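Every number here is computed from the coordinates shown, using simple stated rules; none is lab data. Predicted, not measured: the structure shown is a model, and the values here were computed from it. Here the Cβ positions follow ideal geometry from the backbone for every residue, glycine too, while neighbour counts run over all protein chains shown.
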Amino acid sequence: MGVIGFDTSNYTTSIAYFDGTDGENVSQLLPVKEGELGLRQSDAVFHHTKSLPDLSDRLFSRLKKREISAIGVSTRPRAVEGSYMPCFMVGYSHGAVLADAFGVPLFTCSHQQGHVAAALWSAGRMDLMDTPHLAWHLSGGTTELLLVTPKGRNVDCQVIGGTTDISAGQLIDRTGVMLGLPFPAGKSLDSLSDNAEKTDFFRVKCQDMRFSLSGVQNKVQQYLSSGNTPADTAAYALRSVISAVVQATCQAQKVYPELPVVFSGGVASNRLLRIETADLHPVFAEPKYSTDNAMGVAILTHRHMEGSL
């Protein structure tokens, strides 16, 4: 039984195939003009619409007419009332048409649920889909610490901590633009930090698993202006974010002892984050499944179909 998943997030168009064991994801970043910090939703919708035919051609040309049993689509950022972004409607419209054309069911989930599923699958920990655990969703728009619990063949994600203002991804992207790096800046900033000679960072205050990152941007600017190299500045910004994540995780582990901690989202592919959190014994997705992808949507779709048999 093979299924197709669509995910049209704010910065990446993705389509994936999953057969219950293995699969393939094809993705394309949306173009952002040099020096800018993001896209308007209208531009994101346009670029998704433009990208999907090429991505679907790439994916379906490799499937060799395999039977498709269901279509899955992420329709909103989070599975809570009021969560909405127009860009997800592009994937939904394409998925709905494809489901009608194939005469198969259409399954919907949230972008966040897809991230959790992709992380667990790529880490070889699908067992955690059926038991409570903690999960970080670290991305360009989200920095949330979640209590994840089973919900049928899907999961429920309750926010228990994280940032109270800008996300980790926003701080990383703003630092990257400050240093002349392309947007989104995660991979470039990570690579630049490899050349850092200092281990400085700003210790973010964290209370009850929550913290603010808005003031860190000024600290990063001051750090660079005081004569530190771009590489040291990149590492300074990353370690400052990581300090907050580590503190919040330790606080959560006291409230929810013995629950494993999963890291998902684009920021979770960061090399320094993986090194600095090693003592927490975290579960990390493969880097390519940390960033936005449709594999998690396809995995959830397959689980849904298995449960309905």
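Points to keep in mind about this one:
- Pairwise Cα inverse-distance average, inverted: Kirkwood Rh of the stretch 115-253 (Å): 15.9 Å
- Normalised size of the chain, defined as Cα radius of gyration per 2.2 N^0.38 Å with N residues, equals 0.99.
- Peptides ranked, highest mean first, by Cβ atoms within 10 Å: ranges 123-133, 57-67, 280-290: 280-290, 123-133, 57-67
- One Cα centroid belongs to the stretch 226-283, the other to the stretch 1-52; the line between them spans 26 Å.
- Per residue, the convex hull around the alpha carbon atoms of the stretch 143-212 comes to 133 Å³.
- Residues in the stretch 85-112 reached by a label modelled at MET1 [backbone nitrogen below 18 Å; 7 Å Cα→Cβ]: 99-100, 102-109
- Cα centroids of the stretch 61-115 and the stretch 137-163: 20 Å apart.
- Contour minus Cα-Cα distance for LEU280 and LYS64 (0.36 nm per residue): 73.4 nm
- Among beta bridges that DSSP assigns inside the chain, antiparallel share in %, nearest 5: 60 percent
- Normalised by 2.2 N^0.38 Å, where N is the number of residues, the C-alpha radius of gyration of the stretch 64-104 stands at 1.37.
- Partners of LYS219 within straight-line reach, counting lysines whose Cα lies under 17 Å from its Cα and excluding those fewer than 8 residues away in the same chain: LYS198, LYS205.
- Each peptide among 42-52, 218-228 gets the average number of other Cβ atoms lying within 10 Å of its residues, and from highest to lowest they stand as 42-52, 218-228.
- Kirkwood hydrodynamic radius computed over the stretch 197-309 comes to 16.1 Å, based on all pairs of distinct alpha carbons.
- The mean of 1/r over all distinct Cα pairs in the stretch 16-148, once inverted, gives the Kirkwood hydrodynamic radius of 16.6 Å.
- Volume per residue for the stretch 37-103 equals 118 cubic angstrom (convex hull of Cα atoms).
- Fully extended contour minus Cα-Cα distance, from ASN195 to VAL255, at 0.36 nm per residue: 17.9 nm
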